Amino acid sequence: MILRKLARWFSTLKNRSGNTPLVVIKGKLQKKGSTSSWLQNHSRDIFVRMAAQDHYPCRSAYKLIHIDEKFKLLKQGITVVDLGAFPGGWTKVAIERVNSKIQGLSSNSSHKGKIGKVISVDKASMNPVLGATVFGNCDINDFLTLEKIKGELQGKADVVLSDMAVNACGIPEADFDKNLELCRTVLKLIPEILKKKGKTVLKLTGNGSPNDFIKSLKENFSKVKFFRPESTRKSSSEVFIVCLGYGEKNST
Ligand SMILES: C[S@@+](CC[C@H](N)C(=O)[O-])C[C@H]1O[C@@H](n2cnc3c(N)ncnc32)[C@H](O)[C@@H]1O
């Protein structure tokens, strides 16, 4: 019975698109023929090519670079928590900018400048990264994940980054709700892991109104800004919420 229903559903999809079957690509139903055009666009994408040249694991590294160029979040010697870190683009940018690679080098190295710290967390499994403490297979909703972060911080972070996103289901409103929930989880963790006057970046994707959440952010941070880096794809609904001055009086 269920199989018959599924078969009927698939044939409807096929008929709706003429003879071309529909497939899910990047969370959206598209004609199968468009897989190759997505790949073509991807390989033509300037940030994909730059990432390969600059040895970043993915193009999203440039999103943090562009956010940092605008808001000057990352400095030598500071401590950064990177949530949703896999495959490691933001982690690599953070390591370079806070100067934490020395962590993995011998003590007589000639490395100069203040030495920072990067703690990277993802629910996906991650390989070790020189210059960062990596917690793979760690869901941010799990109490033990917070304990691990706090144990490694031994104090609080200057910056908390979250590029976390759920796997898109293709319904922008449902994706928005789930991604907003991830942002709310980060906001709940902030008092435990972010220093006073600290900064945070949260990614929000999907279709919906974050007004209540923005209100909560404004109660906790002195400045709350929306930013879409030039490296965000035009087709993407993502926006980054940059929050400055944790625990300081709101001036906006
Ligand atoms: C867009 S990717 C991050 C890309 C990364 N910033 C980079 O530059 O390489 C989003 C990540 O969020 C992670 N994620 C989603 N929900 C999570 C959760 N509850 N806890 C931890 N990580 C999560 C996913 O596993 C995924 O790797």
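The values are calculated or read from the model by the stated rules, or taken from the named source; none is laboratory data. Remember, it's a predicted structure, so these values are computed and weren't measured experimentally. For neighbour counting, all protein chains shown are included, and Cβ atoms are generated from backbone atoms with ideal geometry for every residue, glycine included.
Inspect the stretch 142-154 for any residue being among the aromatic types (Phe, Trp, Tyr) and more than 25 Å from residue 242 (Cβ to Cβ) and give the result as yes or no. Checked the stretch 142-154: at least one residue is among the aromatic types (Phe, Trp, Tyr) and more than 25 Å from residue 242 (Cβ to Cβ). In the stretch 133-150, the residues that are among the β-branched types (Val, Ile, Thr) reach residues that are more than 12 Å from the ligand (Cβ to nearest atom) with C-beta atoms within less than 7 angstrom, at least six apart or across chains, in these pairs: 133/119; 133/152; 134/128; 149/119; 149/193.
Restricting to the stretch 179-222, count the residues that are free of Cβ contacts under 8 Å to residues at least 40 places away in the same chain and either crowded, with 16+ Cβ neighbours inside 10 Å or more than 16 Å from the ligand (Cβ to nearest atom) (or both). Residues flagged as free of Cβ contacts under 8 Å to residues at least 40 places away in the same chain and either crowded, with 16+ Cβ neighbours inside 10 Å or more than 16 Å from the ligand (Cβ to nearest atom) (or both) within the stretch 179-222 amount to 22.
Taking the criterion of being touching a strand residue (DSSP E or B) at 6+ places or on another chain (Cβ under 7 Å) and among the charged types (D, E, K, R), the residues of the stretch 188-231 that qualify are 195, 196, 197, 199, 203, 218, 223, 225, 228. Applying the condition of being within 11 Å of the ligand (Cβ to nearest atom) and of a type in the set (S, T, N, Q) to the stretch 48-92 and asking which residue is nearest to residue 127 (Cα to Cα) yields 91.
Yes or no: residue 249 of a type in the set (Lys, Arg) and farther than 24 Å from residue 45 by Cβ? Yes. Filtering the stretch 142-154 for residues that are modelled with pLDDT under 95 and hydrophobic (A, V, I, L, M, F, W, C) leaves an empty set. Scanning the stretch 148-175 for residues that are touching a Phe, Trp or Tyr at 6+ places or on another chain (Cβ under 6 Å) and surrounded by fewer than 18 Cβ atoms within 10 Å (Cβ to Cβ) returns a single hit, 148. Once the stretch 141-170 is narrowed to residues that are acidic (Asp, Glu) and within 13 Å of the ligand (Cβ to nearest atom), the residue that is farthest from residue 203 (Cα to Cα) is 142.
Selection of first residues in the stretch 157-175 that are under 18 Å from residue 209 (Cα atoms) and of second residues that are of a type in the set (A, V, I, L, M, F, W, C) and modelled with pLDDT under 95, restricted to Cβ pairs under 8 Å at least 6 apart or on distinct chains, gives the following pairs, ordered by first then second residue: 170/24; 170/29; 175/168; 175/169.
For the stretch 114-127, the count of residues that are buried (at least 19 other Cβ atoms within 10 Å of the Cβ), out of contact with any Ser or Thr (no Cβ under 6 Å at 6 or more places or on another chain) and of a type in the set (Asp, Glu) is nonzero. Scanning the stretch 57-72 for residues that are surrounded by 15 or more Cβ atoms within 10 Å (Cβ to Cβ) and over 18 Å from residue 164 (Cα atoms) returns a single hit, 71.
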